[in-house]
Amino acid sequence: MKEWLNKGEHWIWLSASTVSISVVLVLSLLAMISYKGLAHFWPHPVYEFNIGSPNGDTTRILGELQETKNKVVVEASGLKTLIPQYLIKMGNRDVFGIDFKWVSSENVQGKMDTLAKDPVVIERYEYGNVYGHFSSFTLNGKTTNDPTQIRSELQVQVAKGKALHSAITSIEKFDMGAVNKHIEDLRFEEKKLRIKGAFTPEDESRLKAERAEFQKTFIAYQAEVKVLYDQKETLGEVAVAISNGQVLRVPVEKVVQFWQPNNMNYVEKLGFFFSSIGHFISEDPREANTEGGIFPAMIGTIVMVLLMTVFVTPMGVVAAIYMREYAKDGLILRLVRISINNLAGVPSIVFGIFGLGFFVYIIGGSIDELFYGYALPSPTFGTPGLLWASLTMALLTLPVVIVSTEEGLSRIPMSLREGGLALGATKSETIWKIVLPMATPAIMTGLILAIARAAGEVAPLMLVGVVKLAPELPIDSVAPFIHLDNKFMHLGFHIYDVGFQSPNVEAAQPLVYATSLLLVIIIVSLNLGAITIRNRLREKYKALEN
C-alpha cells in the first residue's frame, strides 16, 4: 500500500474518478433538460377525473396529468401518512381562471388513469388550451353535430385561418411597418432641413407628395388587412362540451391547432411532435411568453453572439500580439497581464453597468448629438441596443481571447521568426504571414470559450439592450439589414423571464426546459463550427510546429 501511494497512482485514480463524476453530472443534466424539454411537445393523453367535494357534489374535469407528488399528513396519533397529490392541466382558462389544479387523491373518485373517450384539445391564440368533446360546428348558419364531420370541417377552416393569420401578420409587421418607417424618415428629413435652415418650398412640396404616396399605400394595406380580418370572422365556430356539461364556444379564427391525443397512433403522435417543435422554433411568443415560439429570441441570440465575435476577435488578437511580440517585459507589462487575468473574474453585472454608462450614455449620446440631433429628444444610439450589447459582451470575453491568443503565440518557435527576418521580411510581415496563421488554433480556442460564455450571460444584457418582447427583429430585409440600434430578445433572458417572472408558473415550466435545450443546442452548434475550423487549421500547420 505504501509503495502504491509513493508511486502516486492514487492521484491518478482520484483524478479519473473526479472527471468521471463530472461527465456523469453533465450528461445527467443534459438528459434531464432534453427529456423535460422535448416532453413538452409530445401529445399527452387526456384523462377524465371525478373530483368529490366536502358537500358531496362531484365535479368531472378533463385534463392532462402533469405531475405527482406526495404530501405528508400528520395524524392525531403522530403517525405520518403520505397522500398522493396530482397536478392536472385542465385548460379552459377563460372559464376556470386557471390552467392547472392540484387535486388530492382523497378527493378522486374512481381511477386516476381513466382515459377520456374521444377528447379534443384545442390550442388558442389566447386563454390557453381547451379540453373537452366536440359538441357542434357552425359555418354559414349551418350546424353539424356529428364528431367526425366536425373534425373534418374544422381541419379545413383552421388551415384557412392559419393562412389568413400569416398573411395579416406579414402585412402588419413587414409591409405596414416598412411604410411607417419611410414616413418617419420623411419626418426626420424635414426636421433636419429645418434645423439647417435649408428647408425650401420645393422640399416641402416634394416631401408632401412622398408622404401622400406612402399614406395612400398605408391605407391600401389597411383595406387589405380589413378584408382578411372579415374573412377570418366567417370561418365558423366550434362548440366544445367541457367540465360538468358546460359548453364553450370557440371561434375558429382564435384556433391555432387542435388534436385528439387519445385517438392518435404512434406515427401520428410522432408527426405532431416534430410539427410542434417546428412551430416552437419558427413562431413568435404569446400570452406573456408562456405560449407560442421563441423565434425572435433565437435570432437575437445568434446575431448578438456573431457580432460579439466580430468585435472581440480583432481586439483580443491585436492586444495579444502587442504584449507578446512588441512590448518590453517589465513591471508595466506584468501589471497589464495581472489586470487582464483579474478582469476574467469580474462579475458580469459590472460589465453591464459599464456598458450602460460608457457605451450607451457617453458614446451613444455623443453619436446622437453629432449625427442624429434631428431625432432628439428621442434617442437613436443613446439607448440600449444590439450594438452596445455586443460590445459589452466583447469586453466581457476579451480576457479569454487575449490569454488564449498569447498562449498560442508563445508556443510558436523563435526560429520561425528569425527565419522570416533572415529572408528579408519585416517584423510585421513575419507576424502576419508566419506567426499569426500558426496561432489561429489558439485564437479559435479563445473564441470557443468566449461564445460559450457570451451566449449564456443574462445580467449585463438586461442593462444594455435585451427586452421581454421586441416588436422588430434586429436583422431583416430592410436596409441596412442589421439594425444595430434595435433592442432584441435573448434566449437567456427569455428563460429568466418565463421561469421567474411568469404569472402562470406551471404553464411556463416546460417552456423553460425547452428553451434551455435550444440554447444548449445553439451554443454546441457554434462551438462545433469553431472546433471544426480549429482542427483544420491545426492539421494545416502541424508540420511547421514540428
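The values are calculated or read from the model by the stated rules, or taken from the named source; none is laboratory data. These figures come from a predicted structure and were not determined experimentally. When we count neighbours, we look across all protein chains shown, and the Cβ atoms used for this are built from the backbone with ideal geometry, even at glycine.
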Given (1) touching a residue at least 40 places away in the same chain (Cβ under 8 Å); (2) surrounded by fewer than 19 Cβ atoms within 10 Å (Cβ to Cβ); (3) of a type in the set (Val, Ile, Thr); (4) in the same structural domain as Glu406 (by TED's automatic domain parsing), number of the condition Val318 does not satisfy: (1)
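Listed here are the residues, each with its yes/no results for (1) in the same structural domain as Ile61 (by TED's automatic domain parsing); (2) buried (at least 20 other Cβ atoms within 10 Å of the Cβ); (3) in contact with a strand residue (DSSP E or B) (Cβ under 9 Å, 6 or more places away or on another chain); (4) not in a strand (DSSP E or B).
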residue	(1), (2), (3), (4)
Trp102	yes, no, yes, no
Val121	no, yes, yes, no
Glu126	no, no, yes, yes
Tyr131	no, yes, yes, no
Ser135	no, no, yes, no
Thr138	no, no, yes, no
Gln149	no, no, yes, yes
Given (1) in contact with a Lys or Arg (Cβ under 6 Å, 6 or more places away or on another chain); (2) modelled with pLDDT of 90 or more, index of the condition Leu186 fails: (2)
Residues of segment 381-427 classified as buried (at least 18 other Cβ atoms within 10 Å of the Cβ), in a loop (DSSP other than H, G, I, E, B) and either acidic (Asp, Glu) or over 28 Å from the mean Cα position of the chain (by Cα) (or both), total: 1
Yes/no for Ser378 being out of contact with any Gly (no Cβ under 6 Å at 6 or more places or on another chain), assigned by TED's automatic domain parsing to the domain that holds Val305, more than 16 Å from Ala442 (Cβ to Cβ) and not in a loop (DSSP other than H, G, I, E, B): no
Which listed residue is of a type in the set (A, V, I, L, M), under 39 Å from the mean Cα position of the chain (by Cα) and assigned to a helix (DSSP H, G or I), from Ala159, Ala209: Ala159
Residue check for Ala344: surrounded by fewer than 19 Cβ atoms within 10 Å (Cβ to Cβ), under 23 Å from Gly408 (Cα atoms) and in contact (Cβ under 8 Å) with a residue 12 or more places away in the chain: yes
Qualifying residue in segment 143-164 (condition: of a type in the set (S, T, N, Q) and closer than 17 Å to Pro45 by Cβ): no
One residue from Lys117, Lys142, Lys69, Lys173 being among the basic types (Lys, Arg) and surrounded by 12 or more Cβ atoms within 10 Å (Cβ to Cβ): Lys173
Residue check, Leu235 within 30 Å of Val250 (Cβ to Cβ) and touching a strand residue (DSSP E or B) at 6+ places or on another chain (Cβ under 9 Å): yes
Helices (runs of 4 or more DSSP H) fully within segment 286-360 counting 1 or more residues that are under 30 Å from Leu511 (Cα atoms) and touching a Leu at 6+ places or on another chain (Cβ under 8 Å): 295-321, 348-354
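For every residue, the table says whether it meets (1) closer than 19 Å to Asn341 by Cβ; (2) of a type in the set (S, T, N, Q); (3) out of contact with any Cys (no Cβ under 6 Å at 6 or more places or on another chain).
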residue: Ser390; (1), (2), (3): no, yes, yes
residue: Pro399; (1), (2), (3): yes, no, yes
residue: Ile402; (1), (2), (3): yes, no, yes
residue: Glu407; (1), (2), (3): yes, no, yes
residue: Ser415; (1), (2), (3): no, yes, yes
residue: Glu418; (1), (2), (3): no, no, yes
residue: Leu423; (1), (2), (3): no, no, yes
residue: Lys427; (1), (2), (3): no, no, yes
Evaluation of Gly365 against (1) crowded, with 22+ Cβ neighbours inside 10 Å; (2) without any contact (Cβ under 8 Å) to a residue 24 or more places away in the chain (one fails), failing number: (1)
Which numbered condition Ile183 misses (of (1) closer than 30 Å to Val240 by Cα; (2) surrounded by 14 or more Cβ atoms within 10 Å (Cβ to Cβ); (3) outside the structural domain of Asn92 (by TED's automatic domain parsing); (4) among the hydrophobic types (A, V, I, L, M, F, W, C)): (1)
Qualifying residue in segment 471-480 (condition: surrounded by 16 or more Cβ atoms within 10 Å (Cβ to Cβ), of a type outside the set (Lys, Arg), in contact with a Pro (Cβ under 7 Å, 6 or more places away or on another chain) and outside the structural domain of Ile88 (by TED's automatic domain parsing)): yes
Segments classed as helices (runs of 4 or more DSSP H), wholly inside segment 428-546, with at least 3 members that are touching a residue at least 40 places away in the same chain (Cβ under 8 Å): 436-456, 461-464, 491-500, 505-540
